[in-house]
Amino acid sequence: MKFIPLHTKNTSIIYKNSLCSSASIIVLIFIILSVMIPMLLVSLLSPYSGISESRILFEQPRLQFKFQSILIADTEAEDVNNKQDVNLVVCSTLPQLNTVVMEHGNNCEGIKYWTDDFDHDGTIDRAHFQQQLESLRGRIKSIDLAIFFEAKLKHKCSLSPPAILTYHNVIPSGMQLNAGTILLKAELKLKQYIEFTCPFPGRNIKTQFRHVNLSSNSSHVALGDFQLQSLLEKLKKNPAYFQLSEQETYFRQEPGNTLRIQLDLDVMQVPARYHLSVWERLGQFWLYFASFFGISFYIMNKVKDYLFGQHIIRAWEVIPWKKLY
């Protein structure tokens, strides 16, 4: 009968027994427990230990103008029969919309786009948009503004959520202007409903987006198709999209007959939730498993020291010196 080492105590005392003995079975059970207990603890404590199926990463979007915008403004017109009419002003860079609202675009003078890169890293830190209106018939009462951008996230994979920045403001009567500057300061925000998915070895799936297509081939084009409510309904069908977060609005009366509507957009880091791949979750699991396994292995080894040392588990005790007892 061949004896195999089952346990070593103090790196000198060795306990041996046959492969099919009860001592071998007990040692095998302890080895299995030292592995299973950490796995059970990680599974039970995973909601509280940081192991999850998603991760939040901060990234500054790569922003580019698409040079497309829509401005719809209501202005007061002259009194007609003691009734104050409303005059609609529509400024657009979309040809299909301009064919519908040609009579409302006479006050549109020009559009300016420019950007700032403060740290010279090739990424836009602030974007500016300005729409000029000339010779308005009355004071401006409300503004609906939509600006189209391209914005990309590239931290884990290339993602392009739709970016249509919309702004609606009903101007209080004391601040209504027909000449001057309306300055809007805002930040770029990411509205996200579900986690982004990026491809990984073994699974080639990436989050897809439904971009708002404004190039309609239909012969019937209505103004309502380009209003903010209609655009937002199309945006919300996506798992995520970029939006404008208003910070401050300034109204400044100036001499002359030109009204400038300007947007200063800060492009800062935005939090984005990503779905973790199997390999990322396995890496997280292994990190916590290794911590628990070290503790479990130490405890099981001490239990075996006691059981073999007290001869509760019967085995041959091989020692390099003679015991004095």
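Nothing in this text is a laboratory measurement; each read-out follows from the coordinates by a stated rule. All figures in this text were calculated on a predicted structure; none of them were measured in a lab. As a convention, Cβ positions derive from the backbone with ideal geometry for all residues, glycine included, and neighbour counts pool all protein chains shown.
Simple point charges give the picture: +1 on the Cβ of Lys and Arg, -1 on the Cβ of Asp and Glu, and for segment 96-172 a dipole about the Cα centre of about 280 debye. Computed over the alpha carbons of segment 216-300, Rg followed by Dmax gives 26.5, 87 Å.
Positive-end ranking of PHE118, MET268, THR207 along the dipole of the chain, with charges on Cβ about the Cα centre, is headed by THR207. Here the peptides 245-258, 27-40, 62-75 are ranked by packing, the mean other Cβ count within 10 Å, and the order with the highest first is 62-75, 27-40, 245-258.
Between amide H atoms placed 1.01 Å from N, distances below 5 Å from LEU276 occur with SER54, ARG55, all of them 5 or more places distant or on a separate chain. Computed 3J(HN,Hα) for segment 283-300, one whole-Hz value per residue from the Karplus formula 6.51 cos²θ - 1.76 cosθ + 1.60 where θ = phi - 60°, is x, 5, 4, 5, 4, 6, 5, 4, 5, 6, 5, x, 5, 4, 5, 5, 5, 4, glycine and proline marked x.
Only helices enter the 222 nm calculation for the chain: every DSSP H run of n ≥ 4 contributes -39,500 (n - 2.57), and dividing by all residues gives -7500 deg cm²/dmol, rounded to 500.
Annotation: amide H of THR93 within the under-5 Å range of SER69, sequence separation 5 or more or interchain, hydrogens built in the peptide plane. Given +1 at the Cβ of Lys and Arg, -1 at the Cβ of Asp and Glu and no other charges, the dipole of the chain around its Cα centre is 2780 debye to the nearest 20.
Backbone phi angles across segment 252-265, fed through the Karplus curve with coefficients 6.51, -1.76 and 1.60 (θ = phi - 60°), yield HN-Hα couplings of 10, 6, 9, x, x, 10, 10, 10, 10, 10, 10, 10, 10, 10 Hz in residue order; Gly and Pro are listed as x. Other residues whose C-beta falls under 15 angstrom from the C-beta of GLN253 contribute a net charge of +2, scoring Lys and Arg +1 and Asp and Glu -1.
Principal axis extents of the Cα atoms in segment 56-275, from largest to smallest and rounded to whole angstrom, are 73, 44, 25. Backbone phi angles across segment 143-151, fed through the Karplus curve with coefficients 6.51, -1.76 and 1.60 (θ = phi - 60°), yield HN-Hα couplings of 9, 10, 10, 9, 10, 9, 10, 10, 9 Hz in residue order; Gly and Pro are listed as x. Taking all Cα pairs closer than 8 Å and separated by 6 or more residues, the relative contact order of segment 166-288 comes to 50 percent.
Dipole of segment 56-275 computed with +1 at Lys/Arg Cβ and -1 at Asp/Glu Cβ about the Cα centre; of LEU235, PHE129, LEU71, farthest Cα towards the positive end is LEU235.
So how far, in whole Å, is the C-alpha centre of segment 116-146 from the one of segment 152-188? Answer, in whole Å: 8.
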